[in-house]
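Here the structure comes first, spelled out in structure tokens, and everything after it is commentary.
The values are calculated or read from the model by the stated rules, or taken from the named source; none is laboratory data. Please read these numbers as outputs of a predicted model, since none were measured by experiment. With ideal geometry, Cβ positions are generated from the backbone for all residues, glycine too; neighbour counts draw on all protein chains shown. Just the protein is used for accessible areas: all its heavy atoms, side chains included, with ligands, DNA and RNA removed. Shrake-Rupley method; radii C 1.70, N 1.55, O 1.52, S 1.80 Å.
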Amino acid sequence: MADSNAAEPSFTPREQQVLALLSGGDTYCSIAKRLGISRHTVDTYLRHLRKKTGTHNRTQLAVLASQLGYRA
């Protein structure tokens, strides 16, 4: 998981929306439906977010999002 002492990465407004929904327990499909985008686009956002944060999977990313205060 990302180093807790590292500076918080910069997220786009849409990435912030995806993080908030992910931290709230939403699935790829429900995130896509709520934001009016495809499941594939959600997957792309999550891959970019994992790269930015250094997380390795969706669960780690969801935990980090919650720790950073992203809530749906």
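Observations on the model:
- C-alpha long axis of helix 13-23 to longest principal axis of the chain, angle in °: 90
- Listed residues Ala32, Ala72, Tyr45: farthest to the positive end of the dipole of the chain (Cβ charges): Ala32
- Surface composition of the chain: carbon and sulfur make up 49 percent of the accessible area, probe 1.4 Å.
- Charge dipole (debye, nearest 20) of the chain; +1 at Cβ of Lys and Arg, -1 at Cβ of Asp and Glu: 240
- Think of it as helices only: each DSSP H run of n ≥ 4 in the chain is worth -39500 (n - 2.57), and spread over all residues that comes to -18500 deg cm²/dmol at 222 nm.
- Val42 sits among other residues whose Cβ lies under 12 Å from its own Cβ, and their net charge, with Lys and Arg +1 and Asp and Glu -1, is +3.
- Counting only protein heavy atoms and a 1.4 Å probe, the chain has 61 square angstrom of accessible area per residue.
- Net charge over other residues, Cβ less than 15 angstrom from the Cβ of Arg58 (K, R count +1; D, E count -1): +2
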